[in-house]
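Report on the following structure.
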Amino acid sequence: MDLVTAFADEARRRTDELVTGQLPAIRRAGALIAEAVLAGGVVHAYGTGHSEAAALELAGRAGGLIPANRLALRDPVVLGSAKPGDVDPLAERDPSTAHRVLALHTIEPADVFMIASNSGGNGSTVEMAKLVKQRSLPLIAITSMAHTSAITSRHPSGERLFELADVVIDNLAPYGDAVLETEHGPVCGISSITSALAVQLMVAEAIGLLGAAGMVPPTYLSANIPGADAHNEALQARYAGRIRIGAL
């Protein structure tokens, strides 16, 4: 088997399926984001493990929305007073992690959340979703329905991410994420690719709706082009103290 060609074919098939089958959910997610931004809100993005890539795709991305804030497992160290050694390597499984992370961010009534998790069952992921819903805020989930339907949640409630979300986008990854079967076992994870595409599609929908509503969409220019810093900093100032600045 030519693994390169096989993976390219599989990725193409799944991204095509995402664009067609998940488009209604993606449009609903984009509408929630647009409503939040129009109301002065921010979209908060959370993901652990490789699902952090989806949060990175949404917040602080060239061409993306400036009113977007990333929450991360390392926030107690980067934004708080914890030392690196204080962070458990398995922190994503601990529900209390969500409380420590969320406490370091400013959350307002007009905000919306996007949580990405391939399994949808880790303790911090489910607890973060529960905290969002306790605040009566809209929640968008990006998850693998094939994987999450086959697991037992690590959260004490037994709930999984998709059961708490207002909008669920299936990233179409299989159980275990790897899409190619070989004599050495399954290889080549797909969830980062399909989740990133889902994020960019919902952002595209949101930006289109903002423009249609008469708002100039507050979007990032790449920091690596002339004039970008001044453009970005002026818009970031509107959301001072509410969005993460920088890559850490």
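How much length would be gained if the chain were fully extended between Val187 and Ser81, taking 0.36 nm per residue of separation minus their Cα-Cα distance, in nm to one decimal? Each step should come with its number before you reach the end.
Values: separation 106, 0.36 × 106 = 38.16 nm, distance 3.89 nm.
Once the chain is fully extended between Val187 and Ser81, it gains 34.3 nm.
Under 8 Å for C-alpha pairs, at least 6 residues apart: give me the relative contact order for the chain, rounded to a whole percent.
Details: 459 pairs, mean separation 62.7, N = 248.
It comes to 25 percent, rounded to a whole number.
First check a/c for the range 23-69, with a ≥ b ≥ c the square roots of the eigenvalues of its C-alpha gyration tensor; if it is under 1.5, answer rounded, and if not, answer prolate when a/b is larger than b/c or oblate otherwise.
Details: a/c = 1.96, a/b = 1.31, b/c = 1.49.
It comes out oblate by the Cα gyration axes.
Work out the FRET efficiency for Thr106 and Ile151 from their Cβ-Cβ distance, taking R0 = 45 Å, and round it to the nearest 0.05. Before the final figure, lay out each step's value.
On the way: r = 33 Å, r/R0 = 0.73.
Here the calculated transfer efficiency is 0.85.
Among rounded, prolate and oblate, which fits the range 23-168 when a ≥ b ≥ c are the square roots of the eigenvalues of its C-alpha gyration tensor, a/c under 1.5 means rounded, and a/b larger than b/c means prolate? Intermediate values should be presented prior to the final figure.
Values: a/c = 1.62, a/b = 1.13, b/c = 1.44.
The shape class here is oblate.
Measuring from centroid to centroid over Cα atoms, what is the spacing of the range 193-223 and the range 50-79 in Å?
Cα centroid of the range 193-223 versus Cα centroid of the range 50-79: 15 Å apart.
With the chain treated as a Gaussian network of Cα nodes joined by springs under 10 Å, which of Ala198, Ala59, Ala39 yields the largest mean-square fluctuation?
Evaluated over the chain, the most mobile residue of the options is Ala39.
For the peptides 179-190, 144-155, 16-27, what is the packing order when you average, over each peptide's residues, the other Cβ atoms within 10 Å and list the highest mean first? Can you show the working numbers first?
On the way: 179-190: 13.7, 144-155: 17.5, 16-27: 15.5.
So the order, starting with the most tightly packed, is 144-155, 16-27, 179-190.
Taking each full run of DSSP H in the chain as one helix, which ones are at least 30 Å long along their axis (Cα atoms) and have mean Kyte-Doolittle hydropathy of at least 0.5? Before the final figure, lay out each step's value.
Values: long enough: 191-212 (31 Å, 1.48).
The answer, listed by residue number, is 191-212.
Run the numbers on the range 15-130 and let me know its relative contact order in percent, using alpha-carbon pairs under 8 Å that are six or more apart. Let's see the in-between values first.
On the way: 157 pairs, mean separation 35.8, N = 116.
The value is 31 percent.
Need one word for the range 110-212: rounded, prolate or oblate. Basis is the Cα gyration tensor (sqrt eigenvalues a ≥ b ≥ c); a/c below 1.5 gives rounded, then a/b vs b/c decides. Display every interim value, and only then the final one.
Details: a/c = 3.31, a/b = 1.26, b/c = 2.62.
The shape class here is oblate.
If I stretch the segment between Arg135 and Met1 completely, what's the gain in nm (0.36 nm per residue apart, minus their alpha carbon distance), one decimal? Could the numbers behind the result be given before it?
Numbers: separation 134, 0.36 × 134 = 48.24 nm, distance 5.04 nm.
Roughly 43.2 nm would be gained on extension.
Pick from Asn232, Asn122, Asn224 the residue whose mean-square fluctuation is largest in a GNM of the chain, springs joining Cα atoms under 10 Å.
Asn224
For n ≥ 4 DSSP H runs only, could you compute -39500 (n - 2.57) per run for the chain, divide by its residues and tell me the 222 nm figure to the nearest 500?
On the way: 9 runs with 101 residues, N = 248.
Computed mean residue ellipticity for the chain: -12500 deg cm²/dmol.
Before I look further, what does the chain give for accessible area per residue, probe 1.4 Å, in whole square angstrom? Walk me through the intermediate numbers first.
Working: 11260 Å² over 248 residues.
Each residue of the chain exposes 45 Å² on average to a 1.4 Å probe.
7 Å from Cα along Cα→Cβ at both Glu10 and Ala234: what's the point-to-point distance in nm?
For Glu10 paired with Ala234, the spin-label model returns 4.8 nm.
Under a 10 Å cutoff between Cα atoms, tell me which one of Asp166, Asp111, Asp88 has the largest fluctuation in the Gaussian network model of the chain.
Comparing Asp166, Asp111, Asp88 in the GNM, the peak value goes to Asp88.
Would you mind telling me the share, in percent, of accessible area of the range 159-248 contributed by carbon and sulfur at probe 1.4 angstrom?
On the way: 2620 of 4540 Å².
Here it works out to 58 percent.
The values are calculated or read from the model by the stated rules, or taken from the named source; none is laboratory data. Values in this document were obtained by computation on a predicted structure and should not be read as measured data. Glycine gets a Cβ as well: all are built from the backbone with ideal geometry, and neighbour counts include every protein chain shown. Just the protein is used for accessible areas: all its heavy atoms, side chains included, with ligands, DNA and RNA removed. Shrake-Rupley method; radii C 1.70, N 1.55, O 1.52, S 1.80 Å.
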